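Working notes for the structure below.
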Amino acid sequence: MPNADRTHSVTRRLFLRGTGATASGVALLADMHIAAAADEPPIVGPGAIPLTLTVNGRNQEVSVEPCMTLAEVLRGPLDLTGTKIGCDRGACSACTVWLDGAPVASCMLLAVDVGARAVTTIEGLAHGDTLHPVQEAFIAHDALQCGYCTPGMVMSCAALLERVPNPTADDVRAAIDGHLCRCGAYPHIVEAVLAVRKPGP
Amino acid sequence: MDRFTWQSARTVAEAASAGKCTVAEAMRADTDADRVVMKAGGIDLLDLMKEGLLRPTRVINLRDIPGLDTITEDAAGTRIGALVTLEQLAAHSISRQRYTALADAAASSATPQIRHVATLGGNLLQRPRCWYFRSAAHHCARKGGEHCFAFAGENQYHAVFGHDGCAIVHPSTVATALVAFNARVELANAQGGTRTVALEAFLVGPEVDVTRETDLRAGEVMTAVLLPPMPAGVRSVFLKQAERLSSDWSIADVAVVLQRAADGRCQNVSVVLGAAAPVPWRAQKAEAALTGRLIDAAVANAAGEAAIAGAEPLRRNAYKLPILATLVRRAVLTAADVRETVP
């Protein structure tokens with residue numbers, strides 16, 4: 001990143017995060033100027049700015065340009081490549097992650113816009129080598145072929161089960177409404193989710 | 001996506017004083033102009049930016065402004081904050097119970113992933129989905145060019161009413177229901193003032209200005225949508241037809257709101273057609289066909305036919321007319337609790 005592209009002004013919170021993440025807070029201070037008008041919110045970017053994202057329960061310090069999407073930051077700097085980018089327009093849902101537990105399209109969300117909200121990716125579902133029950137069920141029910149849509153599908157299905165432990169087939173179809181599977185694994189995906197539901201009392 | 005600077009507003013006043021132009025203005029601005037636009041959920045904005053149709057120099061973030069993400073009601077009606085998401089709107093008890101057509105319209109929009117992020121304000125201010133408008137290769141009339149390419153081109157998803165120089169259909173599904181409820185929008189400006197305007201007047205057709213879909217002024221922030229109280233006996237129904245059952249755009253949708261007096265006759269009738277015109281299209285002849293009448297199959301059928309009277313279909317979209325008529329008939333019968341009999 002050329003020096004000219006560095007951040008020119010920062011919020012106090014970003015500034016404090018930045019000083020925490022760098023060896024030399026003084027040098028950083030000299031490199032930035034705080035927006036002169038105290039009553040105007042600071043303008044940051046277009047170069048990279050320091051950001052703290054909560055991903056899979058851990059705080060992650062990253063340096064991102066405001067134009068980067070959450071999907072790009074997950075797959076790039078954070079090396080969490082389980083999240084896939086398909087259409088990059090929110091139309092295929094391959095990039096689905098959880099934001100405070102709700103499934104969202106990470107390709108249509110700027111990383112700088114995530115704020116304090118907790119991000120959960122497919123890597124955060126399994127516990128070590130122990131897969132999430134939805135992942136186990138996808139394998140048992142042959143619910144994938146090429147696998148590209150699978151991380152997003154699993155995130156939406158697992159989110160459904162968190163909200164509705166005993167869903168109907170229609171509930172599952174509604175939950176995967178936005179997902180495209182070019183291999184056509186939909187019937188097996190519905191079967192897999194129905195197999196891990198917890199019948200009510 | 002091109003790079004831009006980012007400014008997160010903490011108050012509506014901050015956003016209003018920072019905002020320099022509407023998205024429509026920014027899309028037509030010179031490349032050396034200061035293109036400062038506002039972002040709520042950001043779904044449509046990112047779409048336009050990824051296609052290179054919108055290249056903002058700065059994005060003002062509205063999402064962190066407190067107080068704009070709640071739905072409240074009092075004697076004067078219901079206030080829906082502009083940052084309420086489509087998912088909130090689909091699930092909230094007030095919208096579900098009082099404004100059922102609105103909740104159903106929200107639930108039928110986009111995908112679950114988009115509904116969790118997309119806001120009501122952003123949904124109403126999104127730019128049209130016409131494939132010529134969305135194509136960087138087509139400098140269409142709405143983008144300041146000479147022609148609407150849809151008239152001579154592929155127009156199966158375009159307007160059958162009101163296409164005066166541009167054949168887009170309004171992109172918002174919830175707008176169909178909101179117009180049927182006589183919703184108003186609240187707009188704040190940089191001077192600290194607020195104006196409210198009927199949504200039906202706020203959304204403008206190409207005969208007013210082909211380069212914008214709304215009466216939003218530079219620096220204005222939509223803060224809320226206001227709905228009148230619904231007296232007892234009001235029923236509302238929203239029906240949508242798409243090519244696929246899952247997460248698809250409407251090829252036709254309809255919102256019907258009606259009240260039945262003690263003698264069962266209809267009053268205060270709204271019939272609004274979506275995906276039919278550049279704005280949500282009030283079917284006044286259908287409303288007249290229902291007002292003061294007892295609903296039966298014949299009256300509902302007549303309302304459906306009245307709804308499409310005067311339509312001007314293009315080369316490839318006349319198929320929409322029987323769909324619109326059918327949706328109106330079914331919505332009227334459902335709103336009046338009359339079971340449809342198969343002829």
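The values are calculated or read from the model by the stated rules, or taken from the named source; none is laboratory data. All figures in this text were calculated on a predicted structure; none of them were measured in a lab. So basically every Cβ, Gly included, is an ideal-geometry build from the backbone, and we count neighbours across all protein chains shown. Please note that ligands, DNA and RNA were not included when accessible areas were found on the heavy atoms of the full protein model with its side chains. Shrake-Rupley method; radii C 1.70, N 1.55, O 1.52, S 1.80 Å.
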Working only within the range A:126-155, note down all residues that are closer than 21 Å to A:ALA185 by Cα and assigned to a loop (DSSP other than H, G, I, E, B). A:LEU131, A:HIS132, A:HIS141, A:ASP142, A:ALA143, A:LEU144, A:GLN145, A:CYS146, A:GLY147, A:TYR148, A:CYS149
Reported set for the range A:175-201 where residues are crowded, with 16+ Cβ neighbours inside 10 Å, in a helix (DSSP H, G or I) and more than 19 Å from the chain's Cα centre (by Cα) is A:TYR186, A:HIS188, A:ILE189, A:VAL190, A:GLU191, A:ALA192, A:VAL193, A:LEU194
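Sort through B:ALA190, B:ALA218 and tell me the only one that's within 14 Å of chain A (Cβ to nearest Cβ), touching a helix residue (DSSP H, G or I) at 6+ places or on another chain (Cβ under 7 Å) and either outside any strand (DSSP E or B) or open to solvent by 20 Å² or more (accessible area, probe 1.4 Å) (or both).
Numbers: B:ALA218 fails: within 14 Å of chain A (Cβ to nearest Cβ).
The unique qualifying residue is B:ALA190.
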Those residues of the range A:138-197 which are touching a Ser or Thr at 6+ places or on another chain (Cβ under 8 Å) and among the β-branched types (Val, Ile, Thr), in sequence order: A:ILE176
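Which of the following residues is crowded, with 20+ Cβ neighbours inside 10 Å and at pLDDT 95 or above: B:GLY122, B:GLY165?
On the way: B:GLY165 fails: crowded, with 20+ Cβ neighbours inside 10 Å.
The unique qualifying residue is B:GLY122.
Mind listing whichever residues of the range A:53-86 are in a loop (DSSP other than H, G, I, E, B) and without any contact (Cβ under 8 Å) to a residue 60 or more places away in the chain? Show your work before the answer.
To start, the set of residues in the range A:53-86 that are in a loop (DSSP other than H, G, I, E, B) comprises A:56-57, A:65-68, A:76-86.
A:GLU65, A:PRO66, A:CYS67, A:MET68, A:GLY76, A:PRO77, A:LEU78, A:ASP79, A:LEU80, A:THR81, A:ILE85 - these are the residues of the range A:53-86 that are in a loop (DSSP other than H, G, I, E, B) and without any contact (Cβ under 8 Å) to a residue 60 or more places away in the chain.
Find the residue count for the range B:271-297, including only residues that are assigned to a helix (DSSP H, G or I) and hydrophobic (A, V, I, L, M, F, W, C). Walk me through it before giving the result.
Going through the range B:271-297, the residues assigned to a helix (DSSP H, G or I) turn out to be B:284-290, B:297.
Still in the running and hydrophobic (A, V, I, L, M, F, W, C): B:286, B:288-290, B:297.
Residues meeting the conditions: 5.
Is there a residue in the range B:3-25 that is of a type in the set (A, V, I, L, M), assigned to a helix (DSSP H, G or I), in contact with a helix residue (DSSP H, G or I) (Cβ under 6 Å, 6 or more places away or on another chain) and within 14 Å of chain A (Cβ to nearest Cβ)?
Applying the first criterion (of a type in the set (A, V, I, L, M)) to the range B:3-25 yields B:9, B:12-13, B:15-16, B:18, B:23-24.
Now restrict to residues that are assigned to a helix (DSSP H, G or I): B:12-13, B:15-16, B:18, B:23-24.
Of the ones still in play, those that are also in contact with a helix residue (DSSP H, G or I) (Cβ under 6 Å, 6 or more places away or on another chain) are none.
There is no residue in the range B:3-25 that is of a type in the set (A, V, I, L, M), assigned to a helix (DSSP H, G or I), in contact with a helix residue (DSSP H, G or I) (Cβ under 6 Å, 6 or more places away or on another chain) and within 14 Å of chain A (Cβ to nearest Cβ).
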Can you find, within the range B:40-78, the residue that is farthest from A:ALA71 (Cα to Cα) among those that are under 17 Å from the mean Cα position of the chain (by Cα) and more than 9 Å from chain A (Cβ to nearest Cβ)? B:ALA40
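For the range B:291-307, give me the residue count where each residue is within 14 Å of B:ALA325 (Cα to Cα) and open to solvent by less than 30 Å² (accessible area, probe 1.4 Å).
Step one: of the range B:291-307, the residues within 14 Å of B:ALA325 (Cα to Cα) are B:297-307.
Narrowing the set further to residues that are open to solvent by less than 30 Å² (accessible area, probe 1.4 Å) leaves B:299-300, B:303-304, B:306-307.
Qualifying residue count, the range B:291-307: 6.
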If you take the residues in the range B:196-215 that are in contact with a strand residue (DSSP E or B) (Cβ under 8 Å, 6 or more places away or on another chain) and not in a loop (DSSP other than H, G, I, E, B), which one is nearest to B:ARG127 (Cα to Cα)? B:THR214
Enumeration of residues in the range B:262-309 that are touching a Pro at 6+ places or on another chain (Cβ under 7 Å) and β-branched (Val, Ile, Thr): B:VAL272
For the range A:88-106 the number of residues that are under 11 Å from the mean Cα position of the chain (by Cα), more than 8 Å from chain B (Cβ to nearest Cβ) and under 23 Å from A:GLY147 (Cβ atoms) is 4
Pairs, first without any contact (Cβ under 8 Å) to a residue 24 or more places away in the chain and polar (S, T, N, Q) in the range A:145-166, second open to solvent by less than 70 Å² (accessible area, probe 1.4 Å) and outside any helix (DSSP H, G or I), C-beta under 8 Å, six or more apart: A:THR150/A:ALA143; A:THR150/A:LEU144
